[in-house]
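Participant: This is the structure, below, for whatever I ask next.
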Amino acid sequence: MKLIEKALEFERRSMARMSTSDRVMASREAKSIVLAINEIYKKTKEPYLMKVMKLVTVKKRKIDKRLKGFSLSSAI
């Protein structure tokens, strides 16, 4: 399964020294990976696919959080 290999490679990729445009591209890539795995998961209900989706989603949330920046209201 190329898709799972792609997802695991994405999860292992370093986020250090990424430019903003690199983060946007990574976020879009993560979204497409999760949506593609979700389509397969709907048919097979394999628990391993859910774990892979969760790994990619966690990484995507970190990227999105960095893109949106730190808000002062959440610090209070």
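What follows is calculated from the coordinates using simple rules that are stated; it is not laboratory data. What you see is a predicted model; the values in this text were computed from it and never measured. All Cβ positions, even for glycine, are placed from backbone atoms using ideal geometry, and neighbour counts span all protein chains on display.
Participant: Apply 1/(1 + (r/R0)^6) to the Cβ-Cβ distance of E46 and M15, taking R0 = 25 Å, and write down the FRET efficiency to the nearest 0.05.
Facilitator: Details: r = 28 Å, r/R0 = 1.11.
After rounding, the FRET efficiency stands at 0.35.
Participant: Would you mind calculating the gained length between K31 and L8 on full extension (0.36 nm times residue separation, minus the Cα-Cα distance), in nm to one decimal? Could you put the intermediate results ahead of the total?
Facilitator: On the way: separation 23, 0.36 × 23 = 8.28 nm, distance 1.38 nm.
So the extension gain works out to 6.9 nm.
Participant: Over the Cα atoms of the chain, what radius of gyration and what Dmax do you get, in Å?
Facilitator: For the chain, the Cα radius of gyration and maximum Cα-Cα distance read 13.9, 45 Å.
Participant: Which is the longest part of the chain that has none of the trypsin sites (Lys or Arg not before Pro) sitting in a DSSP loop with at most 15 other Cβ atoms within 10 Å?
Facilitator: Details: sites that count: R13, R17, K45.
That would be 46-76.
Participant: Quick one: of K43/K65; K45/K65; K31/K62; K2/K54; K2/K65; K6/K51, which pairs are farther than 20 Å apart, Cα to Cα? Before the final figure, lay out each step's value.
Facilitator: Working: K43/K65 31 Å; K45/K65 29 Å; K31/K62 13 Å; K2/K54 18 Å; K2/K65 28 Å; K6/K51 14 Å.
Where the Cα-Cα span goes over 20 Å, the pairs concerned are K43/K65; K45/K65; K2/K65.
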